[in-house]
Amino acid sequence: MDNYMGIIMIAAACIFVLLIGAFRNKKEWIINFIFRSVIGTVAIFFCNGFLVSQGLSIAIGINPITVLTSGVLGFPGLVMLYGINLYKLL
């Protein structure tokens, strides 16, 4: 039980530090999030179109979860979404 409590305390400390940084430059963080969400959604749209034209059935749906993933994680989030979908097909 002590290991779980330590992990929870470390995660809480990391989240606390991230929140302090987010509140310090809140406007910049919100604009960056919106920009990454829009660019990520457009990238998903065009990647899906390209993959379908190549005959691959690896398409990611555009929904709130994928938009949030691309907004929070950016390009690595998009790669992660396609990687998860590819893993499901195997």
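Brief remarks follow.
- Exactly one residue among Leu51, Leu56 is surrounded by 14 or more Cβ atoms within 10 Å (Cβ to Cβ) and more than 18 Å from the chain's Cα centre (by Cα), and that residue is Leu51.
- The one condition in (1) modelled with pLDDT of 80 or more; (2) part of a helix (DSSP H, G or I); (3) within 20 Å of Gly77 (Cβ to Cβ) that Gly21 fails to fulfil: (1)
- Residue within region 33-48 that is closer than 21 Å to Leu68 by Cβ, among the aliphatic types (A, V, I, L, M), part of a helix (DSSP H, G or I) and open to solvent by 100 Å² or more (accessible area, probe 1.4 Å) present: no
- Residue under evaluation Ala43, criteria (1) at pLDDT 90 or above; (2) more than 14 Å from the chain's Cα centre (by Cα), criterion not met: (2)
The values are calculated or read from the model by the stated rules, or taken from the named source; none is laboratory data. Just so it is clear, the structure is predicted and the values come from calculations on it, not from any experiment. Neighbour counts are summed over all protein chains in view; Cβ atoms, including those assigned to glycine, are modelled from backbone coordinates with ideal geometry. Note: areas computed on protein heavy atoms with side chains; ligands, DNA, RNA excluded. Shrake-Rupley method; radii C 1.70, N 1.55, O 1.52, S 1.80 Å.
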